[in-house]
Amino acid sequence: MIIHAHELVGELRQDYRIDPLQKMIGDRVYVPVDEDWFDREFAEALRVLLSELRLGGWISERNDCDDLAGWGRLLAQRLHAGTPPREGVPMESAIAIGEFWYFRNGNQVREHSLIIARFANRKVGFMHGQTQERVTLTEPERISCTGLRF
């Protein structure tokens, strides 16, 4: 199963009202993510990577939410690149995990960044890069999205 970049952006806009001012969609074809894999294997792999690189501790501006979400996106791409081709997953594809910037709790002063994943069941999930825990955003938080990078 694959999803084209324009379909991904359209789904986010239509189903979740996510329509940021800044979008960086780097690939044309994406593979949706298995939700259990995201919660278990991916979260653990990110935890291990950040620990090995000694990046687990939060430091304002130096190692904060946007940096940790970026590490999550890069790790997901690396894990996808190391996966052997299989039926329905073309070699020329990226994984549907990215970075999501928004205003938390309606606070229009300071942005926050999370890891975003588009799952195979068409749902979207969010994860804190620092804790590797899933988070549920309110509709106003989703609408406040200022940046998206896949």
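Worth a mention:
- Inclusion of ILE143 among residues that are of a type in the set (A, V, I, L, M) and touching a strand residue (DSSP E or B) at 6+ places or on another chain (Cβ under 7 Å) is not warranted.
- For segment 74-87, the criterion of a residue being more than 18 Å from TRP37 (Cα to Cα) and of a type in the set (A, V, I, L, M, F, W, C) is satisfied by no position.
- Matching residues, segment 1-56, being over 20 Å from GLY82 (Cβ atoms), within 16 Å of the chain's Cα centre (by Cα) and without any contact (Cβ under 8 Å) to a residue 12 or more places away in the chain: ARG13
- Any helices (runs of 4 or more DSSP H) falling wholly within segment 1-89 and containing at least 2 residues that are modelled with pLDDT of 95 or more, surrounded by 15 or more Cβ atoms within 10 Å (Cβ to Cβ) and in contact with a Gly (Cβ under 7 Å, 6 or more places away or on another chain): 65-81
- Long-range neighbours under 9 Å by Cβ, at least six apart or interchain, first residue more than 25 Å from GLY10 (Cα to Cα) within segment 84-109, second surrounded by fewer than 11 Cβ atoms within 10 Å (Cβ to Cβ): PRO85/MET91
The values are calculated or read from the model by the stated rules, or taken from the named source; none is laboratory data. Being a predicted model, the structure only gives us computed values, none of them experimental. Note that we place each Cβ from the backbone using ideal geometry, even for glycine, and neighbour counts take in every protein chain shown.
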